[in-house]
Amino acid sequence: MPFPWEVLFEGTEEDYEQGNPEMFWGMRYTPARILNPEKDITDYVLEQAQPSDMLFCLHHRLLHAHKKERPEIEKLVRVTAKDRFTLLGTACNLTNGKSCDPLGDDLLKYLYKASHNMLHFACHCKENRRGDKLLISFIQDEEITENGLVLELETYKFLLRQGKFLCQPLVFLNACQSAGGVDELRRTFNLPNVFIQHSAAAVIATACPVPDMFAAAFAKVFYEFFLRGQVVKDEITGEKFVKMMTIGEALRATRCYFLKEYNNPLGLAYGVYSPAHYRMNYLPYTISLELKI
């Protein structure tokens with residue numbers, strides 16, 4: 001059964017008494033969970049093809065999601081003229097031109113056939129009798145309104161609407177407790193599981209509620225590391241170069257960043273629900289020595 005390995009503590013008794021957060025596994029290693037044991041790890045997608053193409057899904061009442069998270073991540077995604085960043089809304093044409101409001105089922109059909117290689121959800125996650133669901137705002141003409149249409153993407157709908165993600169995207173479920181709860185009934189990791197079963201290449205999710213402000217900041221730093229890499233210095237020559245990161249390395253680097261800079265260990269709530277070796281298929285011209293966090 002999958003387990004929140006990030007919060008395991010392996011330090012000495014003195015480390016424990018002093019509350020040394022660097023001894024948590026999530027700060028030292030890159031644990032990952034394989035939710036589909038029938039699938040060999042070598043069958044998972046190794047690299048994300050270029051150019052980048054992100055679909056950004058948010059909930060209109062999460063202030064930091066559309067004020068901070070969305071614009072900052074868009075800047076990171078749009079490196080070249082070929083890179084794309086789309087906000088879930090009228091531009092996606094979920095109803096195929098019909099003059100009606102889309103439903104959660106329309107969103108799922110769109111996700112299966114869309115060209116996006118990254119799906120980012122900055123939204124609410126709720127539990128119901130039939131599983132978990134994401135609450136996502138459908139943005140009309142790029143306008144954020146108080147009474148906007150909210151779509152429900154429910155786990156059971158994946159079973160009713162069979163299909164596969166054609167572009168095998170990276171899925172970032174930046175929603176409260178998107179990996180499921182800690183009680184017996186919800187140790188099924190519903191949302192990560194259905195995305196993996198339907199051919200997502202990699203999934204990041206949270207194991208507990210995360211404040212909107214932190215979630216927005218954490219996602220921005222993660223994509224900085226994953227899409228742009230980290231500037232490091234060669235120990236022998238002293239020259240600086242960009243070290244590109246796998247999804248596991250980028251997630252651990254982000255946890256360590258918030259611990260070091262803000263003494264905040266909440267990054268341990270984020271976990272990888274797919275092999276940790278997934279990475280970008282980097283093109284030489286996309287790599288620069290600029291890294292601004």
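Coordinate-derived values only; no laboratory data. Here the structure is a predicted model, which is why all the values come from computation and not from measurement. Cβ sites come from the backbone with ideal geometry, for glycine too, and all protein chains shown count toward neighbours.
Overview of values
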item	result
Label-point separation in nm, Asn93 to Leu149, each point 7 Å along Cα→Cβ	1.6 nm
Length released on extending from Asn264 to Trp5, taking residue separation times 0.36 nm less the Cα-Cα span	91.4 nm
Normalised convex hull volume, the chain, alpha-carbon set, Å³ per residue	153 Å³
Residue pairs, from the table Lys220/Lys260; Lys82/Lys113; Lys75/Lys164; Lys126/Lys164, whose Cα atoms sit over 26 Å apart	Lys75/Lys164
Highest average packing first - 31-40, 80-89, Cβ atoms within 10 Å	80-89, 31-40
Calculated FRET efficiency for the pair Ile236/Glu22, C-beta based, R₀ 25 Å, to 0.05	0.40
Pairwise label distance in nanometres, Phe214 with Leu159, each label 7 Å out on the Cα-Cβ vector	3.3 nm
Mean Cβ count within 10 Å, highest first, over the residues of peptides 244-251, 15-22, 96-103, 42-49	244-251, 42-49, 15-22, 96-103
